[in-house]
Structure formats: C-alpha cells, structure tokens
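Peer 1: Below is the structure I would like to discuss, written out as structure tokens.
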Amino acid sequence: MAAGPFRITAQPSGRTFGAQGGEAILAAAIRQGVGMPYGCRDGACGSCKCRMLEGAVNHGPHQSQALSAQEEADGLILPCCAVPATDVVLESPHITDEGAFPVRKMAARVIALERKASDVTLMKIRLPANDPLRYRAGQYIDIILRDGFRRSYSMANAPHDGAELELHIRHMPGGRFTDHVFGAMKEKDILRVEGPFGSFYLREDSDKPLILLASGTGLAPIKALIEHMQRQGIRRQATLYWGGRRLADLYLDGWVRERLADMPQLRYVPVISDALAEDLWTGRTGFVHRAVMQDYPDLSGHQVYACGAPVVINAARAEYSTRCKLPANAFFADSFITQADSH
Ligand SMILES: Cc1cc2nc3c(=O)[nH]c(=O)nc-3n(C[C@H](O)[C@H](O)[C@H](O)COP(=O)(O)OP(=O)(O)OC[C@H]3O[C@@H](n4cnc5c(N)ncnc54)[C@H](O)[C@@H]3O)c2cc1C
C-alpha cells in the first residue's frame with residue numbers, strides 16, 4: 001500500500017491537490033472540491049478515464065470495458081480506483097483552475113436546432129432560469145448520454161446570460177451523440193449536462209496582442225471570447241484565423257464580419273484548404289495554422305488561443321514554439337478530441 005500523502009497535478013490547468021495514503025485520486029479530488037468528471041465511482045463506466053503523464057498508481061478492481069489492459073499499458077488510468085504510489089501528473093483538461101466556478105450537473109432543455117451548414121448545427125439549450133450556469137467565456141460542458149458516455153461541447157456564447165447556452169455541433173457520421181443530434185433530436189428534448197470545465201479562457205492579466213486560431217467548430221469558444229471582449233470593452237489587438245476545407249465550413253462568416261464593424265481592434269483572416277472552382281474563392285488558402293506563421297514569423301510577443309481539430313492544434317503548438325518563438329506559456333488550446341482520435 002502506498003504511504004502518501006502524494007501530490008496530484010492536473011495539466012493543462014496546473015491545479016494541484018493532495019491524496020492521502022490509500023486514497024483513490026477521484027475520492028481525493030471530490031473531498032477537496034476539485035471538479036473531475038465521473039460516473040459510477042466503481043471502475044465500471046470509464047467516465048473518469050484520463051492519461052497519466054508522470055508517476056505511478058495501483059489500480060483497484062475495475063472492469064476491462066472501463067479500462068483495458070492495452071489502455072493501461074498506454075498510460076491511461078481510472079482515477080476512481082487508482083491509488084497513487086508516487087506524486088502523479090495527469091492530463092485532465094476537465095480540471096479547472098483554483099477559484100474556477102463550481103462544476104454542477106443540471107437538466108437542460110433544447111430550445112433551438114439551427115442548421116448552419118450541411119454538417120453543423122447550432123444548438124441552444126436553456127437551463128433553469130433561477131439557477132444560471134456561471135462560467136468563463138471559452139469553457140465547455142459535458143452532455144451526459146443515457147448510457148453514461150459523455151461528449152464535450154464548448155459554450156459559443158459569453159456568460160452574460162448564463163440561462164441560455166449556444167453550442168456548435170459538427171456531425172461525425174457514425175458518432176454516438178451527433179448521429180442523434182442530426183437525426184431524432186428535436187426542440188424541447190431534455191439533456192443532462194455538467195460543467196463548466198476547462199482552462200481555455202482569456203488571460204486578462206496580459207495586454208499582448210492575440211492570435212485566435214479556429215478550425216471548423218473550433219470557432220465556438222473563440223466566438224465566446226470575442227463576445228466577452230466586446231462586452232467588457234477589452235481593446236487588445238486580436239486577429240482571428242478561421243479555417244475550413246470549403247467556404248461553407250465557415251458557417252458564421254457573416255457574424256464575424258459584423259463584429260469587425262464594432263471592434264476596430266479585431267482582424268479576420270478566413271483560410272480555405274480545399275476550395276473548388278465553384279467556391280470562387282480568392283482569399284487565403286492552405287492550412288490555417290500555416291497562414292498565421294506566414295503573417296507572424298515572430299510570435300514571441302503574442303498570445304495564441306487555438307481550438308478545433310487535434311491535428312491543427314498539435315501542429316500549431318509544435319511549429320509556433322519551434323519556428324516562431326512562441327513561449328510555451330503563451331499557447332492556450334482546446335483540442336476537440338473524439339473517439340476516433342483515441343483509437
Ligand atoms: C474539450 C472538448 C470540447 C469540444 N467541443 C466541441 C464543440 O464545440 N463542437 C464540436 O462539434 N465538437 C466538440 N468536441 C468534440 C465532441 O466532444 C465529440 O467528440 C464529437 O462531437 C463526436 O461525438 P459523437 O458521439 O458523435 O462521436 P463518437 O461516438 O465519439 O465518434 C466520433 C467519430 O469516430 C468514429 N469512431 C467511434 N469509435 C471509433 C473507434 N473505436 N475507432 C475509430 N473510429 C471510431 C465514429 O464513427 C465517428 O465518426 C469537443 C471535444 C472536447 C474534448
């Protein structure tokens with residue numbers, strides 16, 4: 001049995017908490033009010049599964065459907081039944097900074113489903129009016145499916161009206177949740193949600209100019225940041241690079257252009273990677289993260305906020321630091337990881 005106490009550190013928030021000897025990581029988190037996702041607390045559902053970056057744990061009894069031997073060998077753990085044997089560093093974007101708004105489970109009603117592109121739906125959900133959700137622009141919620149699986153979606157609106165949340169959902173054919181959103185789901189349906197999660201929000205203690213990088217529905221949390229800046233009168237220079245394969249992927253292009261009129265500090269660079277002749281596209285082409293590098297070969301004086309497809313986020317993180325001098329602590333991101341990415 002591990003002696004303890006041990007220090008648990010969650011990345012990317014850097015939040016730390018202690019675990020007593022013999023205490024599972026999830027139990028320690030709950031005891032200290034650290035918001036961490038979980039379902040059964042018994043090694044059966046896998047809702048708490050995350051990657052251990054450093055350290056060692058002893059797993060108590062759990063079901064192989066929640067954590068297979070291969071996943072364990074690959075460095076994944078189940079915090080509900082993992083007892084630290086050393087200090088541990090976890091990759092757990094769900095865990096928020098100290099002082100973050102409390103994580104809560106709530107029922108929400110679907111009040112609008114607006115198709116913005118053939119594969120993008122803008123969903124609005126309403127929370128109980130007397131109990132609005134407090135969150136920071138850029139954070140996300142989990143939708144808890146009937147079978148206990150969870151899917152994460154960034155709030156696309158800033159929190160000035162916490163009773164109504166806007167989500168931008170891309171259809172992933174064969175996907176457990178988005179097949180339902182693009183199929184049987186209808187207005188007035190009830191969803192179970194939990195949040196807010198994540199450390200993607202504007203660092204307001206800096207006045208460095210901002211690069212806002214979005215691929216596809218990665219626009220959602222960036223839209224919330226822009227709304228927040230507009231509402232709070234934040235005048236930092238910001239350039240939004242929004243990438244899609246085709247013009248139709250820039251499903252809120254008009255919304256962005258309307259903001260430009262009100263926000264002189266905002267610039268907008270749409271980037272299309274696979275335009276067809278019929279798109280009549282004369283703007284920037286190629287990979288969206290590369291367009292930033294062409295315009296800003298030196299990012300040492302900037303902060304970058306990036307959201308969307310993991311391949312874009314990973315390339316941006318690596319190439320901006322190695323080729324454009326971006327300090328590691330000036331890159332903030334939410335990578336929209338799906339089941340397809342974890343297999
Ligand atoms: C922090 C965060 C924020 C996010 N925010 C957003 C957002 O704002 N908007 C948004 O659109 N998405 C967002 N996502 C992604 C979102 O959470 C879902 O992962 C996504 O919508 C797919 O869910 P799904 O249940 O439909 O698909 P899943 O069931 O997860 O499947 C995804 C795809 O993988 C395939 N697949 C499933 N299992 C396997 C397997 N074993 N091997 C290979 N392929 C497989 C499916 O056919 C499907 O095409 C976010 C993700 C994270 C982590």
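The values are calculated or read from the model by the stated rules, or taken from the named source; none is laboratory data. It should be emphasised that the depicted structure is a prediction, and the values quoted were computed from it without experimental measurement. Using ideal geometry, Cβ is built from the backbone for each residue, glycine included, and neighbour counts are taken over all protein chains shown.
Peer 1: Just checking: which of the strands (runs of 3 or more DSSP E) contained wholly in region 29-131 hold 1 or more residues that are outside the structural domain of residue 247 (by TED's automatic domain parsing), within 30 Å of residue 219 (Cα to Cα) and out of contact with any strand residue (DSSP E or B) (no Cβ under 7 Å at 6 or more places or on another chain)? Steps first, please.
Peer 2: Numbers: elements: 50-54, 57-59, 82-84, 88-91, 104-117, 120-126.
Where strands (runs of 3 or more DSSP E) fall fully within region 29-131 and carry at least 1 residues being outside the structural domain of residue 247 (by TED's automatic domain parsing), within 30 Å of residue 219 (Cα to Cα) and out of contact with any strand residue (DSSP E or B) (no Cβ under 7 Å at 6 or more places or on another chain), they are 104-117.
Peer 1: Out of the residues in region 135-165 that are of a type in the set (D, E, K, R) and out of contact with any Lys or Arg (no Cβ under 9 Å at 6 or more places or on another chain), state the one that is nearest to the ligand (Cβ to nearest atom).
Peer 2: Start the filter on region 135-165 by keeping residues that are of a type in the set (D, E, K, R), which leaves 136, 142, 146-147, 150-151, 161, 164.
Retained after the next criterion (residues that are out of contact with any Lys or Arg (no Cβ under 9 Å at 6 or more places or on another chain)): 136, 150, 161.
Values: 136: 14, 150: 8, 161: 18 Å.
Among those that are of a type in the set (D, E, K, R) and out of contact with any Lys or Arg (no Cβ under 9 Å at 6 or more places or on another chain), it is 150.
Peer 1: Note down all Cβ pairs under 9 Å where the first residue falls in region 104-132 and is without any contact (Cβ under 8 Å) to a residue 24 or more places away in the chain and among the acidic types (Asp, Glu), the second is within 16 Å of the ligand (Cβ to nearest atom) and assigned to a strand (DSSP E or B), and they're at least six residues apart or on different chains.
Peer 2: Short answer, once both residue conditions are applied: 114/121; 114/122; 114/123; 114/124.
Peer 1: Oh, and also: What do you reckon, is residue 333 modelled with pLDDT of 95 or more, among the small types (Gly, Ala, Ser) and within 16 Å of the ligand (Cβ to nearest atom)?
Peer 2: no
Peer 1: Hey, another quick one. Given the conditions (1) at negative phi; (2) surrounded by 20 or more Cβ atoms within 10 Å (Cβ to Cβ); (3) not basic (Lys, Arg), report the number of the one that residue 173 does not fulfil.
Peer 2: Going through the list (1) at negative phi; (2) surrounded by 20 or more Cβ atoms within 10 Å (Cβ to Cβ); (3) not basic (Lys, Arg), residue 173 breaks only (2).
Peer 1: Can you find a residue that is crowded, with 17+ Cβ neighbours inside 10 Å and of a type in the set (Ser, Thr, Tyr) anywhere in region 68-76?
Peer 2: No, region 68-76 contains no residue that is crowded, with 17+ Cβ neighbours inside 10 Å and of a type in the set (Ser, Thr, Tyr).
Peer 1: Identify, from the list 95, 111, the residue that is modelled with pLDDT under 85 and either surrounded by fewer than 20 Cβ atoms within 10 Å (Cβ to Cβ) or in contact with a Gly (Cβ under 8 Å, 6 or more places away or on another chain) (or both).
Peer 2: Every option except 95 fails the conditions.
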